[in-house]
Amino acid sequence: MARRGKSGRKTVEAAPGVVELARGARPDGPVEGVYYIDTGDCELIADQDNSTGWLLRINGVMSSHIDLADPLFLEFEYMRWMAALIESRWPTESRPKLRGLHLGGGACSLARYFHAAYPEARQVVVELDGKLAEYVRGWFDLPKAPLLRLRVGEARAVTETLTPQTRDFIIRDVFAGSLTPRPLTTGEFNAHVRRVLAPGGIYVVNSGDGPDLKNAREDAATIAASFEHTVIIADPAMLKGRRYGNMVMAGSDEPFDDDPGLARRLLGGAVPAHIWNDAKVRAFATGARLRHDPQTTSPAP
């Protein structure tokens, strides 16, 4: 599973194999090594099977893959599923001017993909770690503003400040350890997402879980309570609770088309996946607890 891990900020002396840049400096292209970032460290690794590929590990957890020569190549299957879902609603040949928000940056793999697929799209990537954002911008020659903006901040705080109906898709791909931070999974946060989405927009999340599927069911239940229409995409082993991995979930105020082309595309990948319609998602989520923000109470008089 590809996900982000976080630790407390480290203040240590430079060590062998760890790269530190002068304050304000920006790397000029990718160089293998371990780098200090605001939330710990990250490691940039050359892909041994692809001469133009790079892997990014953050705080010991594999986070992203980039192919510098081909932004339309996505190494991680869950990212391919997200791309397929969005392209099923907005076919690339129509060249729509999409407005996208990515909560969680990593190496900006999906943002690069959508820039190549939708050249006129306007995207914002929200990344908590400012130093990581600086490195990624220097390593991977990302599109410049206004096509792609990197905004340093906490995902929920940024979402709450955005103007209503200004995004066509919002992608949540934020992890602390093995799970998404709870404030990004509640019904109250989903209400902020709905406010920011334009009519017909899609909220897409990467939901990680183990065989008991407790987290996935709660995620699905909360999204289903927040949106009229939902889908889940995952491989059969994950859907049956046989392994640890990723589910892609999505919600919208408009139905997801029963697109046979999308189903074939998902089955034809390196990791074949199934798509569940709204009825199956709600059946899967039956009995799961809805997530809410903690209730604050006033002190007794």
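Per-structure values
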read-out	value
Residue within the range 150-159 that is touching a Leu at 6+ places or on another chain (Cβ under 8 Å), in a strand (DSSP E or B) and in the same structural domain as THR186 (by TED's automatic domain parsing) present	yes
ALA288 vs. criteria surrounded by 15 or more Cβ atoms within 10 Å (Cβ to Cβ) and either among the aromatic types (Phe, Trp, Tyr) or touching a residue at least 40 places away in the same chain (Cβ under 8 Å) (or both)	yes
Any hit, the range 238-255, residues being touching a residue at least 40 places away in the same chain (Cβ under 8 Å), within 14 Å of LEU85 (Cβ to Cβ), in a loop (DSSP other than H, G, I, E, B) and assigned by TED's automatic domain parsing to the domain that holds ILE170	yes
The range 59-98 - residue that is of a type in the set (Lys, Arg) and surrounded by fewer than 20 Cβ atoms within 10 Å (Cβ to Cβ) and, of those, modelled with the highest pLDDT	LYS97
Members of the range 257-279 that are more than 14 Å from PRO236 (Cα to Cα) and either outside any loop (DSSP other than H, G, I, E, B) or touching a Leu at 6+ places or on another chain (Cβ under 8 Å) (or both)	PRO260, GLY261, LEU262, ARG264, ARG265, ASP278, ALA279
2 or more residues over 23 Å from VAL271 (Cα atoms) and of a type outside the set (D, E, K, R): qualifying strands (runs of 3 or more DSSP E) within the range 30-104	33-37, 40-46, 99-103
The range 111-170: number of residues that are in contact with an Asp or Glu (Cβ under 7 Å, 6 or more places away or on another chain) and not aliphatic (A, V, I, L, M)	4
Residues that are of a type in the set (A, V, I, L, M, F, W, C) and part of a helix (DSSP H, G or I), drawn from the range 183-237	LEU184, PHE189, ALA191, VAL193, VAL196, ALA216, ALA220, ALA221, ILE223, ALA224, ALA225, ALA237
Residue in the range 277-292 that is among the hydrophobic types (A, V, I, L, M, F, W, C) and closer than 26 Å to GLY105 by Cα present	no
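The values are calculated or read from the model by the stated rules, or taken from the named source; none is laboratory data. If you're wondering where the values come from, they're calculated on a predicted model, not measured in any experiment. Reconstructed Cβ throughout: ideal geometry from the backbone, glycine too, with neighbour counts over all protein chains shown.
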